[in-house]
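In what follows, a structure is listed as C-alpha cells, so that the remarks can point back to it.
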Amino acid sequence: MKLKWQDLITTLLVIVGGVIVYAKFYSYNWAIIGSWRSATTLLLIVGFLMFLFSRFNFANLSILNVSEMVLGVVAILMAVWGIFVVNHFVFYGLATVLGVLWLIDTARHARHGTISSTPPYNRHAPIH
C-alpha cells in the first residue's frame, strides 16, 4: 500500500468537510456557514483543495480514475448549482459526492501502490 502525505492531507480535508456538514446539520450558528450558499462554497473550496492534493493523472484511464473524473464533474456542477439555487439537498449531495471521491481516490492510491510494488515482468525476454 503506497499512501503518501497527500493522502493524509485529503483525509484531513474530508474531516473538515465532515465538520462543516455536522455543524450545518445541527444548525450551529457559525458566521462562516450561516447560509446554505456559504456552506456550499466552503465545501467547494474543500473539494478543490482535495483535487490539488489528489495526485490525479488525466492520462490514466483506469476505472477508478474515470470514476473520479465523472464524480469530479458532478461535484463541480452540484457546487455551482448549490451556490446559485441555494438548496440544502444540493449541499448534502455535494458532501456525499466529495466523500465518495475521497474513498475512490484513496482506493486508487492503495491499488496502484500494490500494483507498482509487484516485480515487473521482462517484456523483452524471449518466449520459449
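The values are calculated or read from the model by the stated rules, or taken from the named source; none is laboratory data. For clarity, every value in this text was computed on a predicted model and none was experimentally measured. Because the Cβ atoms are built from the backbone with ideal geometry, glycine has one as well, and the counts that use them run over all protein chains shown. Accessible surface areas use protein heavy atoms only, side chains included; no ligands, DNA or RNA. Shrake-Rupley method; radii C 1.70, N 1.55, O 1.52, S 1.80 Å.
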Which residue pairs have Cβ atoms closer than 7 Å, lie 6 or more positions apart in sequence or on different chains, and pair a first residue in the stretch 63-85 that is within 18 Å of A39 (Cβ to Cβ) with a second residue that is assigned to a helix (DSSP H, G or I) and open to solvent by 40 Å² or more (accessible area, probe 1.4 Å)?
-> A79/L44; I83/R37; I83/T41
Among the residues of the stretch 86-101, is there at least one that is β-branched (V, I, T), open to solvent by 50 Å² or more (accessible area, probe 1.4 Å) and either touching a Lys or Arg at 6+ places or on another chain (Cβ under 9 Å) or outside any helix (DSSP H, G or I) (or both)?
-> yes
The stretch 37-71, subset assigned to a helix (DSSP H, G or I) and hydroxyl-bearing (S, T, Y), residue surrounded by the most Cβ atoms within 10 Å (Cβ to Cβ) = T40
Matching residues in the stretch 3-35 - criterion: being surrounded by 19 or more Cβ atoms within 10 Å (Cβ to Cβ) and either farther than 15 Å from D105 by Cα or hydroxyl-bearing (S, T, Y) (or both) = T10, G17, I20, V21, K24, I33
Of the numbered conditions (1) open to solvent by 60 Å² or more (accessible area, probe 1.4 Å); (2) of a type outside the set (G, A, S); (3) more than 18 Å from A110 (Cβ to Cβ); (4) modelled with pLDDT under 90, V74 fails exactly one; give the number of that condition.
-> (1)
Filter result for I104 (in contact with a Leu (Cβ under 7 Å, 6 or more places away or on another chain) and in contact (Cβ under 8 Å) with a residue 40 or more places away in the chain) = yes
Give me a count of the residues in the stretch 24-62 that are within 11 Å of the chain's Cα centre (by Cα) and of a type in the set (V, I, T).
-> 1
